[in-house]
Amino acid sequence: MKRLFVFAMVLILASALFAGGVIGTGKPISSPKVQKSFPFDIAGFGCWVKLNEAPNFNNVAKVIQQMVQISDSHILGWTSNSGPQKIKVHIYADISGYLVTFLSKDLPPSNIIDWSYVNFYDETVSFFTITKVLQDLLLVLGYSEDETYEIMKGLNYCDFAYPKAQEFVVALVATKPKQDFTKDNVEEEYLHIALKKSAKIYNWSMIFGGVYPHYIYVNNNYNHVYNSLYIDGKVIFNRNDLSKQNYWKSWTIWEDSAVMIKGLTFDPNEPHTFKISTSANLVKFSSPGMAKLGVVVIYGE
């Protein structure tokens, strides 16, 4: 069973791997004191560092795919991460030494999760979408790997859409791959999450999906692989994928509650159980896709 917790929540309960639960605090959030040129109107969840010198804007531009603004005091643009779901990550730098990489505020914060950098076997997360872009930027600016490592140790997270937020947490879970699936053979994993009653929830978002590395074609017939997501016993998503394409869906709960919850009353301060499952109707299916779920909660007191 693979349950991976990037940051301990106020309260996260999980059976087996974390029997009895994990209790701790979330990762702190703090906003940079950037100039008025910063695009506060479009910025959402992000991360930042402050250098001891002004960055070279010509080098910053090398990381940017699409330039948005440039002046004597700042530069703004965006690039896309290289993970299975293409996410636009904005890049901002100014002469005060601030480097900020962030998502648009219309994207659920769960899009910081890039499955390319999540290892469920070692239970490690190398990067988020926003942190990978920031590290790449530091290297392009000419900092050595050791210098970049030291700068990234001072990394800060922020949420421009919810400036009063104080902490965020991330929880990840995936079904384990099986080499042999028989009909009605289902691989399931559970994630139990609860936040303390006094927490003010600013955003609760999630991303769910799977990866299929091959066309599934056996005995002249397509064979189905199903990945499903349940919250508190209610079916939220059930997908039958017949191609090698990846698929991902992300939600911010209150923005899409009527469609996503399907009649389920969701109180973010109450305990909730998430279940993901993978099933197939064939025998000896090679490299089945794993169902993966990431939950990101942004909150304060």
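When you scan region 146-174, how many residues do you find that are assigned to a strand (DSSP E or B) and within 16 Å of Leu107 (Cβ to Cβ)? Outline the logic, then answer.
Step one: filter region 146-174 for residues assigned to a strand (DSSP E or B), giving 156-159, 167-174.
Remaining after also requiring within 16 Å of Leu107 (Cβ to Cβ): 157-159, 168, 170.
Total satisfying the criteria: 5.
Out of the residues in region 204-226 meeting the condition of being in a loop (DSSP other than H, G, I, E, B) and over 17 Å from Leu293 (Cβ atoms), tell me which one is modelled with the highest pLDDT.
Applying the filter and picking the extreme gives His224.
Here's a check for you: in region 1-58, which residue that is under 19 Å from Gly97 (Cα atoms), modelled with pLDDT of 90 or more and of a type in the set (D, E, K, R) is nearest to the chain's Cα centre (by Cα)?
Selected residue: Lys50.
Please state which one of Ile193, Ile201 is over 18 Å from Leu293 (Cα atoms) and either assigned to a loop (DSSP other than H, G, I, E, B) or at pLDDT 55 or above (or both). Spell out the reasoning first.
Working: Ile193 fails: over 18 Å from Leu293 (Cα atoms).
Sole residue among the options that is over 18 Å from Leu293 (Cα atoms) and either assigned to a loop (DSSP other than H, G, I, E, B) or at pLDDT 55 or above (or both): Ile201.
Would you please name the residue that is nearest to Ala161 (Cα to Cα), looking only at residues in region 68-118 that are loosely packed, with under 15 Cβ neighbours inside 10 Å and of a type in the set (D, E, K, R)?
Asp106
In region 93-125, what residues are under 22 Å from Ser80 (Cβ atoms) and small (Gly, Ala, Ser)?
Correct list: Ala93, Ser104, Ser110, Ser116.
Please pick out the residue among Tyr121, Tyr202, Tyr143 that is under 25 Å from Tyr299 (Cβ atoms), hydroxyl-bearing (Ser, Thr, Tyr) and surrounded by fewer than 22 Cβ atoms within 10 Å (Cβ to Cβ).
Testing whether each residue is under 25 Å from Tyr299 (Cβ atoms), hydroxyl-bearing (Ser, Thr, Tyr) and surrounded by fewer than 22 Cβ atoms within 10 Å (Cβ to Cβ) leaves just Tyr202.
The values are calculated or read from the model by the stated rules, or taken from the named source; none is laboratory data. In this text, all values refer to a predicted model and were calculated from it rather than measured experimentally. Quick reminder, even Gly has a Cβ in these numbers, built from the backbone with ideal geometry, and neighbours come from all protein chains shown.
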